[in-house]
Every structure is written in structure tokens, then in C-alpha cells.
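Below is one structure, written out as C-alpha cells, with a few remarks after it.
The values are calculated or read from the model by the stated rules, or taken from the named source; none is laboratory data. Note that this is a predicted model, so its numbers are computed, not measured. Reconstructed Cβ throughout: ideal geometry from the backbone, glycine too, with neighbour counts over all protein chains shown. When the accessible area is computed, the model is the full protein with side chains, heavy atoms only, and any ligands, DNA or RNA have been set aside. Shrake-Rupley method; radii C 1.70, N 1.55, O 1.52, S 1.80 Å.
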Amino acid sequence: MCLCYMAILVSAKFKKFSFSLYQDFDYGGKHWSYTFDINKCVNVPSYFNDITSSVKTEKCIWLYRDYDCQGPKHRVCPDGEPRLLDFNDRASSVSTRKYVKK
């Protein structure tokens, strides 16, 4: 019974993870953090839309220029990205995979 419970906890741990978007380069300024399910698309709140300049994440994610994981995208992995040079101030949504809307 104890092993079953541990298996559920381990399984749950791998289905969710966190990332943080920062307003300024080098993880400075205001930030927005979120914990979400793998293979889910999350829209950035309107107050943080198109102001992301750096990112920290536990797993690789895709940033999208448009809501609902549409439009041009940029990949960020766990090392983080202290300076989003080509994608600075453009993130509107986030996913853990290249999202294909059906």
C-alpha cells in the first residue's frame, strides 16, 4: 500500500512543472510563475503579455507570439534564458511541446 502511494506521488510529480517569465533581462523586474500540466497550452495573463525578457523553467517549453499557442515560437530549456534576444517582449502563450491546434 505504501509503494502504491509513492508511485502516485512520483507520477504526479512528472506531470506538472513550473516556469517563470521575467519582465527584464537576467531574471529581473516583475515576474509571473506558473505550474502546469505537460502537453497543455497556457495563455500568459494580459498584464504580462508581450513583456517577457528572460525565462527560467524546469523542463523545455515553447513560447508563442500569439494566444492559444499559435504563431511564431521560441524554445527555452532548463538552463533558462537570461536574454530573449530574438523573442524579447513577444510571448503570449506557453506550451511544453510544439502545439498543434485541432
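For Ser53, the residues whose amide H sits under 5 Å from its own are Tyr22, Gln23, Asp24, Asp89, ignoring neighbours fewer than 5 places away on the same chain, with H placed 1.01 Å from N. Of the listed residues Tyr64, Tyr22, Tyr27, Tyr47, the order by accessible area with a 1.4 Å probe, largest first, is Tyr47, Tyr27, Tyr22, Tyr64. Once neighbouring chains are kept in place and the probe is 1.4 Å, which whole percent of the accessible area of region 11-80 is contributed by carbon and sulfur? Answer for region 11-80 is 48 percent, counting heavy atoms of protein chains only.
What's the local net charge at Asp86, with K and R +1, D and E -1, over the other residues with C-beta under 13 Å away? Charge balance near Asp86 sits at +3.
Taking each residue as 0.36 nm, the span from Lys59 to Tyr47 lengthens on full extension beyond its C-alpha to C-alpha distance by 1.9 nm.
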